[in-house]
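For reference, the structure is listed below as structure tokens.
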Amino acid sequence: MISSSQNPLGDAWILAAGDQAETFVPLISNDAVVFGILIGILGLIFWTNSLENRFWQRFYKIVPVLLLCYFLPSLLTLFRVVNPDVSSLYFVATRYLLPASLVFLTLSIDLREVFKLGPKALIMFLTGTIGVILGGPIAILVVSVFQPDLVGGVGPDAVWRGLSTVAGSWIGGGANQIAMKEVFMPSDELFTVMIAVDIVVGEIWMVFLLLGIGKAAAIDRIFKADSSSVQELQENMERFSRRVAKMPTSADLFVLLGVGFGITGICHGIADWLAPWMGTNAPQLNKFSLNSQFFWLIVLATTGGLLLSFTRIRNLEGVGASKIGTVCIFILVATIGLKMNILAVRDHPGLFLVGGIWMVFHISLLLIVGRLIRAPYFFLAVGSKANIGGAASAPAVAAAFHPALAPVGVLLAVVGYALGTYAAYLCALLMQAVAPTV
């Protein structure tokens with residue numbers, strides 16, 4: 001076995017997450033080794049994708065690059081080579097690389113062009129939110145018809161209490177999930193199962209979303225959607241990138257990294273002060289996640305990048321800002337892939353059925369509304385992941401269409417964090433109202 005010394009970052013993250021880590025000893029516990037494996041996997045994927053070999057060209061027309069970057073790392077967890085619950089890589093990726101990538105991806109964005117996308121992006125996002133709010137109680141009602149004891153219970157073991165934490169995660173993110181845990185107080189054992197439901201069901205939907213990216217044009221034809229605004233934004237960003245492109249020097253790269261990670265450091269400092277201040281002085285706003293350090297980190301990093309887009313610093317796109325941002329995002333995707341463990345389904349298949357019905361309702365509502373308003377598949381995919389995946393997944397899905405589109409996912413994900421706790425609270429009350437007490 002390859003082992004490493006105790007990592008304080010990893011320990012802090014595990015303690016913050018509660019008693020939810022799966023207890024198995026991985027083959028590899030040294031994060032340096034795990035990180036090297038993940039980067040090797042990403043390198044192999046992008047290298048084969050760049051080949052002109054007919055086999056690989058056909059392969060990647062069917063299987064999106066982003067899907068492989070997520071799926072292959074999940075095999076490391078499936079075969080117990082790695083245990084993501086005792087690793088600090090996800091923490092580092094979300095706290096350091098994610099905010100920096102948001103700066104890199106947004107500093108060259110043209111907000112006027114983004115606004116030209118129209119209201120359909122926001123409509124699809126809100127549709128996804130409503131799908132989660134209503135999907136929870138509907139899933140309980142459906143399952144209670146043939147197995148009421150599966151979705152019943154009283155006290156801390158009442159299933160609706162655990163499902164409230166899934167609603168918090170699916171509408172907002174981890175901070176909203178913990179907020180629901182503190183409000184409704186499910187038992188630790190129930191919460192542990194709900195963590196698995198949250199991750200597995202959500203990421204299975206991610207797989208289908210990614211498969212749809214390769215067929216986005218066909219889906220748009222079915223929806224009779226006009227995706228010209230999305231194409232126009234993409235083309236305008238590509239023209240800007242070509243106009244400012246230059247061969248980067250070492251100085252250019254250090255300036256770029258200094259801007260991205262410098263702003264990330266500033267955002268951490270402000271968030272560390274602002275979140276507890278809001279929690280103490282304006283506790284009535286906690287339902288909007290304003291007491292969450294991670295919420296402010298994402299908001300501030302996005303805001304910093306957007307402010308830079310109005311200055312000459314946006315020309316750093318010419319030395320590879322969006323490319324480096326994309327690299328950071330894909331490293332994050334690989335660490336997210338580690339967190340999916342399909343084997344968790346076998347231990348609590350009934351609760352995964354509840355989660356599956358819930359997700360099907362969310363998807364069905366998106367498809368119905370998308371068809372009615374003729375929304376492009378891009379808006380459906382990003383609107384869904386801004387709910388289900390938040391700031392970690394929505395930019396990645398948007399960037400899978402084109403790196404220039406990543407800020408759309410960022411902006412919607414920020415809205416999701418703001419609404420997450422409030423909407424999840426409403427969902428929990430509805431689930432409590434319909435849940436059987438057996």
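Using +1 at the C-beta of Lys and Arg and -1 at the C-beta of Asp and Glu, which of Ile363, Ile324, Ala275 has the Cα lying farthest in the positive direction of the dipole of segment 265-417?
Ile363
In angstroms, what radius of gyration and Dmax does segment 40-93 have, counting Cα atoms only?
Values for segment 40-93 (Cα only, Rg and Dmax): 13.6, 41 Å.
Would you mind calculating the relative contact order of the chain from Cα pairs under 8 angstrom and at least 6 residues apart, reporting the percent as a whole number?
So the answer I get is 33 percent.
How would you rank Phe115, Phe223, Phe125, going from fewest to most other Cβ atoms within 10 Å of each one's own Cβ?
Lowest count first: Phe115, Phe223, Phe125.
If the viscosity is 0.692 mPa s and the temperature 37 °C, what Stokes-Einstein diffusion coefficient in µm²/s follows for segment 106-228 when Rh is the Kirkwood radius over Cα pairs?
Here the translational diffusion coefficient equals 192 µm²/s.
Quick one: Arg243, Arg374, fewest Cβ neighbours within 10 Å first, how do they rank?
Arg243, Arg374
In vacuum, with every alpha carbon of segment 100-148 counted as one equal point scatterer, what does the Debye formula give for log10 I(q)/I(0) at q = 0.13, 0.24 Å⁻¹? Two decimals, please.
-0.57, -0.90
Tilt of helix 31-50 relative to the longest C-alpha principal axis of the chain, in degrees (0 to 90, nearest 10)?
60
What does the highest-first list of 82-90, 204-212 look like by mean Cβ count within 10 Å?
Highest to lowest by the protection proxy: 82-90, 204-212.
Taking the Cα centre of the chain as origin and charging only Cβ (+1 Lys, Arg; -1 Asp, Glu), how large is the dipole, in debye to the nearest 20?
Roughly 1480 debye for the chain.
Over the Cα atoms of segment 48-183, compute the convex hull volume and normalise it per residue, giving Å³.
Considering the Cα atoms of segment 48-183, their hull volume per residue is 236 Å³.
Would you mind checking which residues have amide H under 5 Å from Leu27's amide H? H placed 1.01 Å from N; only 5 or more apart, or other chain.
Distant-sequence amide H within range of Leu27: Val81, Val82.
Can you check what the net charge comes to around Ala381, using other residues whose Cβ is under 15 Å from the Cβ of Ala381 (Lys, Arg +1; Asp, Glu -1)?
So the surrounding residues net to +2.
Can you give the Rg and Dmax of the chain based on its C-alpha atoms, in angstrom?
For the chain, the Cα radius of gyration and maximum Cα-Cα distance read 21.2, 68 Å.
Laboratory data are not the source of any read-out in this text; all were calculated from the coordinates shown. Because the structure is a prediction, the values reported are computed rather than measured. For neighbour counting, all protein chains shown are included, and Cβ atoms are generated from backbone atoms with ideal geometry for every residue, glycine included.
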